[in-house]
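In what follows, a structure is listed as structure tokens, so that the remarks can point back to it.
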Amino acid sequence: MDGLSIGGFCLVACGILTVAWGATKVPVSLMSPDFMSFATGGIVPLAAGLCMVGMVPPALRVAGIWLAALTTMAYVYSLPGMDLMVKFIGFVPAVALGVWLTLRFWK
């Protein structure tokens, strides 16, 4: 096991702990920006950590990437006071990054 894998495991652990901490601080709701900020802040490092660990199969890496993309889109959608079209425009970078990383890690 190399340093990159150890760092990846640490990111996965930090991501899980962030989501768990958020679930204890605010009510769990996909439409609550308060909870979704914790969820997004935890799932993104979790996905990054999965991509750093060498022994993780490509399917699990891609699943983590898309979980992070969907969580980010749910967070953007939960923000109050934004027009629907602006929310959809915010989805574009998340989907584009998900597609690019999927093509990069799917071997």
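Some points to look at:
- In segment 86-107, residue farthest from Leu60 (Cα to Cα) [restricted to those that are open to solvent by 90 Å² or more (accessible area, probe 1.4 Å) and in contact (Cβ under 8 Å) with a residue 40 or more places away in the chain]: Lys107
- Residue match in segment 56-67 (condition: part of a helix (DSSP H, G or I) and touching a Gly at 6+ places or on another chain (Cβ under 7 Å)): yes
- Asp34 meets each of the listed conditions (1) surrounded by fewer than 12 Cβ atoms within 10 Å (Cβ to Cβ); (2) at pLDDT below 95 apart from (1).
- Restricting Thr18, Thr24 to residues that are loosely packed, with under 13 Cβ neighbours inside 10 Å and part of a helix (DSSP H, G or I) narrows the list to Thr24.
- Scanning segment 78-86 for residues that are of a type in the set (D, E, K, R), at negative phi and assigned to a helix (DSSP H, G or I) turns up nothing.
The values are calculated or read from the model by the stated rules, or taken from the named source; none is laboratory data. Quick caveat: nothing in here was measured; it's all calculated off a predicted structure. Every residue, glycine among them, receives a Cβ derived from its backbone with ideal geometry; neighbour counts consider all protein chains shown. Note: accessible area is taken over every heavy atom of the protein model, side chains too, but ligands, DNA and RNA are not part of it. Shrake-Rupley method; radii C 1.70, N 1.55, O 1.52, S 1.80 Å.
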